[in-house]
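The block underneath contains the structure these notes are about, expressed in C-alpha cells.
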Amino acid sequence: MVETPLICLNLTHKNMKKLLVLIIASLFFYQISNAQTEKGSQSLGINLNGSYASQNGDIISTYDNSSSSAASTSKSFGIGPGYSYFIADKLDISASLDYAYTKTTSAGIYNPPVSEEKMYTGTLALRKYFLYQNKIGFRAGPYLSYNNSTNKINYNAENSVNDFNGSTNNYVAGFALDLIYYPSKHLGISASLLNAEYDHFKTNDGSQGNYSGNYESLSFINNGLSLSVFYIFGS
C-alpha cells in the first residue's frame with residue numbers, strides 16, 4: 001500500500017504573530033481605502049471655480065471703412081458649499097449652493113465698457129463612482145439645477161441711455177463627468193471634466209424687453225477651472 005504524503009504548513013509562534021499582524025493590517029487598510037465611498041459615508045466641502053479670457057480685434061465699417069476696437073477682458077470666480085451622502089457603495093446624492101461673479105471690460109463704441117453678472121445656483125445630483133484601487137478615477141451622473149442671475153451693463157457717457165439692469169432664471173437638467181482623487185482617508189479632491197446641459201431660461205431686461213428660450217450645451221475641459229475640496233466623515 002502506497003501512502004500519499006501530506007503537505008504540512010509548519011508555522012512557528014513568531015511567524016503566526018507576523019501573519020496575524022499582516023491580516024489585521026490588510027483589513028484595516030482595505031477599510032480605509034473603501035471608507036470614502038461606502039454606504040453611509042458623508043462629505044462636506046467647498047466648490048471653487050474661476051476663469052480669465054481676453055480677446056483683441058477690430059470692427060471694420062463697410063459704410064466708411066472706419067475701424068473700432070473690439071478688445072475685451074473677462075474675469076470670473078465662484079464659491080459655495082457642497083454636501084453628499086452615499087446611499088450605496090460608490091453611489092451618492094449631493095446638494096450644493098454656489099455664488100459666481102463675472103466682470104467684463106470692453107473697448108470700442110459697439111461694446112459696453114463694463115458688464116457685471118452675479119449668479120446664485122442650487123444643484124442636486126446623483127453620482128456613480130468608478131475608482132482604481134479606491135484612490136483615483138471618475139464619477140458621473142445626472143443633475144438638476146436652478147440659478148438666478150442679475151446683469152448690469154454700463155455704457156460710456158455718450159451711450160448711457162442704453163444702460164440697464166436685467167435678470168435671468170435658468171432651469172437646467174444635465175449630466176456631469178468629474179475626475180476624483182482621495183489623497184487620504186478624510187480628504188477628497190475633484191475637478192470638472194465634462195458637462196452636457198439642457199437649459200430653459202426666462203429673462204427680464206427691463207427696457208430691453210422680456211424673452212425666454214431653450215438651448216443645449218456641451219463643454220469639455222473648458223477655459224474655466226472648477227475644483228471641489230471636501231472632508232469625508234460618517235460611515
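Charge tally around Ser76: other residues with Cβ under 14 Å, Lys/Arg +1 each, Asp/Glu -1 each, net 0. Modelled label positions at Tyr85 and Gln55, each set 7 Å beyond Cα in the direction of Cβ, lie 4.5 nm from each other.
Between Asn148 and Asn165, residue separation times 0.36 nm minus the direct Cα-Cα distance comes to 4.8 nm.
Lys128 to Leu48: extension gain in nm, 0.36 nm per residue of separation minus the Cα-Cα distance?
Numbers: separation 80, 0.36 × 80 = 28.80 nm, distance 2.15 nm.
Here the segment from Lys128 to Leu48 would lengthen by 26.7 nm.
Taking amide H as placed 1.01 Å from N in the peptide plane, Asp89 has its amide H under 5 Å from the amide H of Lys39, each at least 5 places away in sequence or on another chain. Over all other residues within a Cβ to Cβ distance under 9 Å of Leu131, the charged ones net out to +3, with Lys and Arg as +1 and Asp and Glu as -1. Fully extending the segment from Ile93 to Ala107 would add 0.6 nm, taking 0.36 nm per residue of separation and subtracting the current Cα-Cα distance.
Values in this text are rule-based calculations from the coordinates and carry no lab data. Everything numeric here is computed off the predicted structure, so don't read it as measured data. Cβ: placed from backbone, ideal geometry, glycine included. Neighbour counts: every protein chain shown.
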